[in-house]
Structures are given as structure tokens and as C-alpha cells.
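A.B. asks: Let me give you the structure first, and then I'll get to my questions.
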């Protein structure tokens, strides 16, 4: 069944937060589904905007959930950030690092000299998230950039999922520096294509599928990189957001959980006034999007509703969508 779903895909690339785990807990169906894919011979890589932790630390966490992951399976934005920085400044240059140990160690691996002050005249600044990043670190980055240092950000995520809810992400810290310096950084992580290219190159993949939980970073990024994408509804993005998204953020596949990867994917099928999927039928009657058969809360109804709305040629605000589809 796995082989039927995958067809010609040679690699699964997966986000972490909201896909494999949320905080300290594994997400339902994630571990068993990934293990079954791996046992079927499908390589699985983990693509994350997290740059604060070393790949070894992330692999240890995943293995603690019952997966079998090596550090080489983890592609973080620190790696792509270091790759980008190496195209902007000479190797062995001084680099001011704003972020955690994972980012610092990756910069050192690339042969750069890590410094902590703009007074050291760094040639580059690389900025990533870490819980202990403070005003003084942002200020040093701003001072260095104003003196001409090349600026790379590992990611621009506005929020960071935590056990207690959504917290400010690296994008908020990047925005603070941007306000001071009046310029934008080169961004390594999702939704920019660079991290996806790093991942496909690392796994020697010619046809990967990327699965994520955030439309704005995961799906938009995969689409920009020319990689087929799947949205799983276990994380940040909601049914309502998915229904109304424009073409830049539309995934090829919509999954309830990662367990949907283990069975053949059933896409919506066109009917007279709409689409049907997995026993649900959704029709466009005038400007109303209505479930005319089946459970409006089902994944089939959602897939069919997306097909109806996306194919209508009308913006979501011009349509009256049955609330049960997105509440």
C-alpha cells in the first residue's frame, strides 16, 4: 500500500514541529507511520527551520520517541545558512553569531571564526533563534551590519509552537534588527527554496515529497522549490486557512495525520456541480459551497471543498462556505 501511494517519490522530507512532535510529545500516528515508511525502504529526512540545536540533539530526541534517526538525517537551517554565508564572504572570515549552540557549531564547521562583538569587525552576521537571545545580541548584529557585514537569517518564522501555545519566533527578532538597519537578510530556511535544495542534494533525491503543517513556510517553500507538498492537519495551519489559500500555498496532498501516507491517496473526483472524495460530496450552488453528502468534518469533505473553491475562479470572500467545513 505504501508503494502504491508513493509511486515515483524516492524520499520523504518532513518538517518536525507540528508534524513529528509538538513540544515534548510525539504527534499521533507520526512515529508508527514513519517507521513503516522506513521499513519499506523509503528514506526519510527531517527539514527544520530550527537552528538552535545540533543535529545530534534533534536525532536523540526523535530516537526517544521510538524512531531510528541519525544526525545526518536532520537538515537544519543552520546548515543552509552556513552554505549561503560561504557564498558571500571568504572562508575563515569572522562571523558574528546570534543564536544557539547548533548554529555556532555549524559556523565553526565551515571554517569561520565566531565572534561576539561588532568591534571585532566581522565580515558576516548569521542570525537564528535561541531562547536566550537578548537585546544586546540584536544590537551587536545591527552594529555589525551597519558597518558592512553580510547578513544571513536562518529563518523568518513569526511564531514558534510550544507546549503552552505559540511563542514569538526568529522572524520577530529578525524584524527588530531590520528596523534598526533598514535592510533585509538573505534567508536560508523555509519558505525560501535554499533549504529544500540542501535537503534534496543531501539525499541525492530527484523526486522528493515534502510534508509539513504550516502553509506559509512548509507548503509555500516546497512549492517555490519545485517539490510536491503535503499538508498534514496536526499543527499550525487550519482547515479555514487551507480553504482560502491562494495558488502559492496549495499543497498537492491533504492529510489528516501521517498515517494517510500508508494508504493510496484518494484525490477529489469531479461530479456535476462539484467534487466527491471518500464518500463526501461538496457542491458549488450559486455562490454557496455546501456539503451535499457525507460528513463535513471528514478529510474527504475537506479535499473536495478545496477542489471546489480552488477551481471556482472566485476569491474565498466571494463565496459562502458551509461553516461545518472549517469550524
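The values are calculated or read from the model by the stated rules, or taken from the named source; none is laboratory data. All of these numbers come straight from a predicted model, not from anything done at the bench. When we count neighbours, we look across all protein chains shown, and the Cβ atoms used for this are built from the backbone with ideal geometry, even at glycine.
A.B. asks: Of the conditions (1) at pLDDT 95 or above; (2) surrounded by fewer than 24 Cβ atoms within 10 Å (Cβ to Cβ); (3) under 11 Å from the mean Cα position of the chain (by Cα), residue 219 clears all except one; give me its number.
C.D. replies: (2)
A.B. asks: Additional query: Filter the stretch 120-137 down to the residues that are more than 25 Å from residue 236 (Cβ to Cβ), touching a residue at least 24 places away in the same chain (Cβ under 8 Å) and surrounded by fewer than 19 Cβ atoms within 10 Å (Cβ to Cβ) and list them by number.
C.D. replies: Matches in the stretch 120-137: 120, 121.
A.B. asks: Now a separate question. Taking the stretch 196-215 as the region of interest, how many residues are under 24 Å from residue 257 (Cβ atoms) and either in the same structural domain as residue 154 (by TED's automatic domain parsing) or assigned to a loop (DSSP other than H, G, I, E, B) (or both)?
C.D. replies: Summing the residues that are under 24 Å from residue 257 (Cβ atoms) and either in the same structural domain as residue 154 (by TED's automatic domain parsing) or assigned to a loop (DSSP other than H, G, I, E, B) (or both) in the stretch 196-215 gives 5.
A.B. asks: If you don't mind, another one. Touching a residue at least 24 places away in the same chain (Cβ under 8 Å), crowded, with 20+ Cβ neighbours inside 10 Å and in contact with a helix residue (DSSP H, G or I) (Cβ under 6 Å, 6 or more places away or on another chain): is that true of residue 229 in this structure?
C.D. replies: yes
A.B. asks: So the check is Cβ under 6 Å with 6+ separation or different chains; which pairs have a first residue in the stretch 308-327 that's touching a residue at least 40 places away in the same chain (Cβ under 8 Å) and a second one that's crowded, with 16+ Cβ neighbours inside 10 Å and part of a helix (DSSP H, G or I)?
C.D. replies: 309/243; 316/244; 325/305; 326/239; 326/243
A.B. asks: Report yes if some residue within the stretch 278-292 is touching a residue at least 12 places away in the same chain (Cβ under 8 Å), farther than 27 Å from residue 11 by Cα and in the same structural domain as residue 207 (by TED's automatic domain parsing); otherwise report no. Spell out the reasoning first.
C.D. replies: Kept after step one, since they are touching a residue at least 12 places away in the same chain (Cβ under 8 Å), are these residues of the stretch 278-292: 278-285, 287-292.
Now narrow it down to the ones that are farther than 27 Å from residue 11 by Cα: 279-285, 287-292.
Cutting the leftovers down to in the same structural domain as residue 207 (by TED's automatic domain parsing) gives us none.
The answer is no; no qualifying residue exists.
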